[in-house]
Structures are given as C-alpha cells and as structure tokens.
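K.L.:
So that we are looking at the same thing, I have put the structure below in structure tokens.
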C-alpha cells in the first residue's frame with residue numbers, strides 16, 4: 001500500500017522550512033512498520049504535481065494552515081484517485097460538524113501511536129466520515145519519528161561562544177495542565193486531561209539518534225519541559241553527558257511560576273549546566289490585570305525575576321507578548337511597552353491576539369456570552385463560515401514591523417491595537433532587541 005504524507009505550507013510564516021512536522025513523522029514510522037510505501041511531501045517546497053498516485057493521502061495541519069489544507073484537498077480531488085484523510089491539531093481542536101463538512105473522505109481525530117491506530121483508517125467503511133480515537137494513556141511503546149528528511153529544515157541555536165548548532169525538534173511529553181484562556185493546548189483541550197510522559201528510555205534513544213544525525217541543538221516542544229522536576233533531573237543527566245561530550249545545547253518553553261515554585265535560580269542553573277542556552281517565556285502582557293483576565297497564572301514579578309536569573313546565568317530569555325487580549329486598554333499596552341524597554345529581554349516577539357477556535361475566549365466570542373471583554377471585527381469574516389473565512393493575511397506573521405489585528409475591546413478598536421503594536425516593534429528594533 002502506498003501512502004503520501006502531506007504537510008501544508010505555513011503561509012503565516014516568513015520562512016516555513018525551520019521546524020518539521022513531527023506528528024507526520026511519527027505516522028511515517030508506524031506506516032513503515034506496517035509494510036507501507038511512504039512518500040513525504042512538504043508543499044512549502046514541493047509542487048502539488050510531485051504528489052504521486054497513492055492509495056491514501058494523509059494531510060495534517062494546524063488551524064492557521066486551513067486555507068492551504070483546502071487548496072491541497074481541492075487539487076487531490078481533481079487530480080488523484082486515492083482516499084483523502086485529514087489529521088493533526090486542526091482535527092483535534094475543531095468540532096465534528098466543521099470537520100465532516102471540509103470534504104475529506106475521512107477525518108481522524110486522535111493520535112497515531114500504533115499499527116492498531118492506523119488500521120482504524122485502513123478498515124474504515126466507505127461511508128464513515130470521522131474517526132474519534134481516544135488518546136492512549138500508555139506511551140510505553142512509543143516509536144521514534146522518522147527523521148529521514150530532517151535536514152530539509154534549517155534551524156540553528158547559538159551557544160554562549162556564538163557558535164551556531166544545527167537544531168531539530170523533540171517532544172518528551174504531551175499536554176499542559178495550565179488554563180490559559182487563549183491557548184488551544186492547555187487544560188486538556190488538545191491533548192486530553194493531564195500530561196502524558198514519553199518514557200525516558202525512549203527520549204534518550206531519540207536524543208541519541210538526533211546527535212548521531214549531526215544535530216547538536218535540540219528545541220524541546222513540550223508545553224512546559226521542566227514541569228515534572230524529578231523526571232527533569234533525570235533527563236538533565238542525559239543532556240549533561242552530551243553537552244560535555246559534544247557541546248550539545250538546547251532550548252525549551254518555560255513558565256515562570258513553575259520555575260519559582262520548583263527551585264528558581266538553583267533549578268535553572270542545573271539546566272544551564274546541562275546545556276540550556278535559551279528559554280521562551282510567554283509573558284503575554286506587562287499588566288497583571290490582563291494576565292488575570294486570561295487565567296495566565298504567572299505574574300510580572302515572576303517574569304522579571306526569571307529574566308534576572310537568566311541574565312546572571314547567561315541564558316537567553318525570549319519573551320512573547322500578545323496585544324488585544326480581553327480587557328486590553330491603552331494603559332495595559334503601555335505597561336507591556338515599559339516592561340520590555342526597561343527589562344530588555346534578549347529576544348522579543350509581540351503579536352496581536354488571534355482567537356484560535358476551541359479556546360475559552362474564542363468559544364465565548366462565538367456564543368456571544370460576554371464573559372470576556374473582546375470582539376472580532378466581523379467585516380473581515382463571512383457570517384456563515386465565521387473564522388474559517390478569514391483571509392490568509394490574518395494568519396500571516398509577515399514582516400516584523402507590520403501586523404493585522406481583527407480583535408478589539410471595549411477600550412480599543414482593532415486598528416488602535418495594530419498601530420500600537422507596529423510602533424512598539426519599531427521601538428524594539430531601534431533599541432536593538434532581536435526577534
């Protein structure tokens with residue numbers, strides 16, 4: 001049986017060939033174990049015409065890639081005869097009605113960790129339109145993703161001497177216990193309740209494979225890598241070995257409240273000594289009130305203290321911010337601006353809020369419940385299709401000094417938020433803080 005795995009172009013990124021779609025690569029391994037012939041296509045570089053005739057076309061993607069997903073499906077329906085299957089995070093986070101109406105022969109809502117999961121697709125009746133497969137709590141037999149084409153993706157991390165390291169991505173867990181109201185991943189919305197941990201033996205094997213392939217940088221994509229401290233300390237032993245042996249380095253996502261509770265500076269220093277060179281922290285806003293509005297759970301005090309620790313330890317601190325969150329005012333945006341310019345993180349990303357479907361904020365907006373002080377500029381959407389009709393420019397990250405904003409609050413219109421964001425970015429560039 002021949003299977004084409006297809007990853008859509010990320011039109012919202014200036015360079016989509018940075019980090020690979022590991023979800024499809026896990027499936028690649030399972031398909032090979034099942035004796036299938038597998039072809040991998042990334043439409044950021046590969047033309048649609050390079051997609052071969054296949055028995056099945058597995059398309060995976062995120063919500064911002066929906067426009068491209070639709071284009072791929074239309075082309076397949078007009079040019080190929082195999083069965084089309086949609087999976088990935090868009091399928092995980094959207095309603096069954098929406099997914100069944102997209103036009104795919106089959107939608108798979110769940111993970112693919114075993115041959116039994118794949119067989120659900122191969123054995124599905126012709127009339128079945130959707131498979132809703134519950135998550136397995138047991139990841140003991142998790143396979144490694146196939147990294148056959150890993151070097152098509154160009155990501156780099158710098159160590160403290162300025163040397164660039166070729167970098168790839170890796171997950172050691174699935175899920176996030178936090179309740180941020182703007183996030184698709186938290187509180188069981190995407191990955192099921194609780195956090196599921198990849199066995200450390202499998203994580204170690206995957207790390208060793210990455211190092212053998214020549215990647216000396218790892219970008220951990222866990223929502224909160226150091227969440228489970230006893231487990232993390234064991235993982236640090238592995239990372240420390242390769243850091244001292246080969247100079248291997250790594251980067252991760254971090255929550256400042258969890259770091260503070262679990263040891264603060266001392267815990268961070270242990271990670272630094274094992275090769276940690278950069279953290280990405282979702283500060284979100286310089287206003288504690290805005291953080292409270294979105295159930296963030298962290299404070300500006302914790303963010304500031306963690307940034308101070310990182311500077312002392314030589315760890316780069318990339319701060320991510322979102323303007324246009326519920327309750328946003330000119331004063332709260334100004335608080336964000338002042339925090340950035342006063343504290344000078346090593347890197348900064350400032351975006352305007354995108355209401356991803358399936359989150360508490362976007363669900364509240366769709367129901368018009370009014371629990372959050374936010375609205376979407378409906379002039380950009382089709383009344384029937386709603387979010388799905390948003391133009392591609394809505395999702396496009398684009399040049400750093402320009403952005404679109406389609407949300408407003410009772411205090412601010414969308415254009416006011418966009419203007420503030422664009423002016424702030426110019427200030428950040430002028431003072432020399434990189435993206």
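Readers should treat all values here as calculations from the given coordinates under stated rules, not as data from a laboratory. Please read all numbers here as calculations on a predicted model, not as lab measurements. Counting neighbours? That spans all protein chains shown, and the Cβs are built from the backbone with ideal geometry, glycine included.
K.L.:
Along the principal axes of its C-alpha atoms, what lengths does region 247-341 span, in descending order and rounded to whole Å?
P.N.:
So the three principal-axis extents are 45, 24, 18 Å.
K.L.:
Any chance you could check the Cα centroid distance between region 79-128 and region 140-208 for me, in angstrom?
P.N.:
Result: 24 Å between the Cα centres.
K.L.:
With each run of n ≥ 4 DSSP H residues scored as -39500 (n - 2.57), what mean residue ellipticity at 222 nm is computed for the chain after dividing by its residue count and rounding to the nearest 500 deg cm²/dmol?
P.N.:
Result for the chain, helices only: -10500 deg cm²/dmol.
K.L.:
Viscosity 1.306 mPa s, temperature 10 °C: give me the Stokes-Einstein translational D for region 2-132 in µm²/s, with Rh taken as the Kirkwood radius over C-alpha pairs.
P.N.:
It comes out at roughly 108 µm²/s.
K.L.:
Which residue, 163, 336, 304, has the most motion in a Gaussian network model of the chain that connects Cα atoms within less than 10 Å?
P.N.:
Of the options given, 163 has the highest mean-square fluctuation.
K.L.:
Find the centroid of the Cα atoms in region 33-49 and in region 211-277, then give the distance between the two in whole Å.
P.N.:
So the separation of the two Cα centres works out to 33 Å.
K.L.:
Normalised by the residues of the chain, what does the relative contact order come to in percent, with Cα pairs under 8 Å and at least six apart?
P.N.:
12
K.L.:
Separate question: Region 120-198: D in µm²/s via Stokes-Einstein (Kirkwood Rh, Cα pairs, 25 °C, 0.890 mPa s)?
P.N.:
149
K.L.:
Share of antiparallel DSSP beta bridges in region 2-132, in percent to the nearest 5?
P.N.:
0
K.L.:
If you average the sequence gap of Cα pairs under 8 Å that are 6 or more apart and divide by the length of region 1-96, what percent do you get for the contact order?
P.N.:
Dividing the mean separation by the residue count of region 1-96 yields 37 percent.
K.L.:
If r is the Cβ-Cβ distance from residue 123 to residue 15 and R0 is 51 Å, what FRET efficiency results, to the nearest 0.05?
P.N.:
After rounding, the FRET efficiency stands at 0.80.
K.L.:
Here are a few candidate values for percent of Cα pairs over 36 Å apart: (1) 24; (2) 27; (3) 51. Which one was actually calculated from the structure I just gave you?
P.N.:
Here percent of Cα pairs over 36 Å apart agrees with entry (2).
K.L.:
Output the antiparallel fraction of DSSP beta bridges having both residues in the chain, as a percent to the nearest 5.
P.N.:
15
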